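To start, the structure itself, in structure tokens.
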């Protein structure tokens, strides 16, 4: 499956181009519903950014742009796209739509358990599929097949030329950390202030397979100014061995291995 990066859509604004009209009912399968950060199927979480891959999903290609940013809330459909997503009968906000890929937010008010998802394009409905929601299902956004997006405290990307160093504070960006305190009451609304994840007591950051002390996690919650995006501010150990493999654990859910801060 060809992946259109979610990170760019979140940060860079809008694209709106006319595509050929969808003529058939949308088609997609459960393995094509993935965590947008990891691009892997599995459990999702309330307020998670997720992706559906398939065919005939929308009539046009469009993404959240200035109009949505000014209104402060993501739309539930786009002009001329004729696509909506329902999770347990609740409309899901859309970040990006195209004939073959749709990025959306799982409604924040849903609780863990099995939920029914369906996508409708115009009057044509795709299959109703059962997805599993957990309190949190973490994934870290990537800049490459094995590279995580991490920044220094000043906002510069961590790269081989400007690497993360021992004892430094860095920031990771994630999807699927679930509800927050205070709670997310309107799915798709751009966060106005910091809010810690609700499952913080069970949350761990593993560096080279070793959990960091709880006091090393300075913040884990929503990213102000965005919808569905989370960040983890953490202090690296005083002694580190490169490369730095990083995983997130929330309860029994663990982000994929083999991903590194380059």
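Bear in mind that the values in this text are calculations on the coordinates, not laboratory data. Quick caveat, the model's predicted, so the values are computed rather than measured. When we count neighbours, we look across all protein chains shown, and the Cβ atoms used for this are built from the backbone with ideal geometry, even at glycine.
Roughly what % of DSSP beta bridges within the chain run antiparallel, to the nearest 5?
The answer is about 95 percent antiparallel.
Suppose we keep just the DSSP beta bridges with both residues in region 139-261; what percent of those would be antiparallel, to 5?
95 percent
Please tell me the relative contact order of the chain in percent, rounded to the nearest whole number, where contacts are Cα pairs under 8 Å and at least six residues apart.
This gives 18 percent for the chain.
For the chain, what is the calculated [θ] at 222 nm in deg cm²/dmol (nearest 500), taking -39500 (n - 2.57) for each run of four or more DSSP H residues and dividing by its residue count?
Per the formula, -1000 deg cm²/dmol.
Could you work out the mean projected area of the convex hull around the alpha carbons of region 168-223, in square nanometres to one decimal? Don't skip to the answer; put the middle values down first.
Numbers: hull surface 18.0 nm².
Average projection, Cα convex hull of region 168-223: 4.5 nm².
What relative contact order, as a whole-number percentage, does region 105-245 give when Cα pairs under 8 Å and 6 or more residues apart are counted?
Over region 105-245, the number comes to 23 percent.
To make sure I understand, if each residue's beta carbon is the centre and we count other beta carbons within 10 Å, what order do 122, 56 fall in, fewest to most?
Working: 122 17, 56 21.
Starting with the residue having the fewest Cβ neighbours, the order is 122, 56.
Could you put 239, 52 in order, starting from the residue whose Cβ has the fewest other Cβ atoms within 10 Å? List each step's numbers first, then the result.
Numbers: 239 7, 52 25.
Ranking 239, 52 by Cβ neighbours within 10 Å, fewest first, gives 239, 52.
Quick one: compute the contact order of region 6-133, relative version, from alpha carbon pairs under 8 angstrom and 6+ residues apart, as a percent. Walk me through the numbers on the way to the answer.
Working: 326 pairs, mean separation 36.9, N = 128.
Relative contact order for region 6-133 comes out at 29 percent.
What is the gain in length, in nm to one decimal, between residue 153 and residue 183 on full extension, counting 0.36 nm per residue of separation less the C-alpha to C-alpha distance? Before the final figure, lay out the partial values.
Working: separation 30, 0.36 × 30 = 10.80 nm, distance 2.64 nm.
Stretched out fully, the residue 153 to residue 183 stretch lengthens by 8.2 nm.
Relative to the compact globular guide of 2.2 N^0.38 Å, what is the alpha carbon radius of gyration of region 139-261, as a ratio? Display every interim value, and only then the final one.
Values: Rg = 13.9 Å, N = 123, 2.2 N^0.38 = 13.7 Å.
My calculation over the Cα atoms of region 139-261 gives 1.01.
Cα atoms only: what Rg and Dmax, in Å, come out for region 6-133?
13.4, 38
Hey, how many Å between the Cα centroid of region 74-96 and the Cα centroid of region 127-160?
Each part's Cα centre sits 22 Å from the other's.
Treat the count of other C-beta atoms within 10 Å as a stand-in for reagent exposure and order 246, 106 from fewest to most.
Fewest to most other Cβ atoms nearby, the residues stand as 246, 106.
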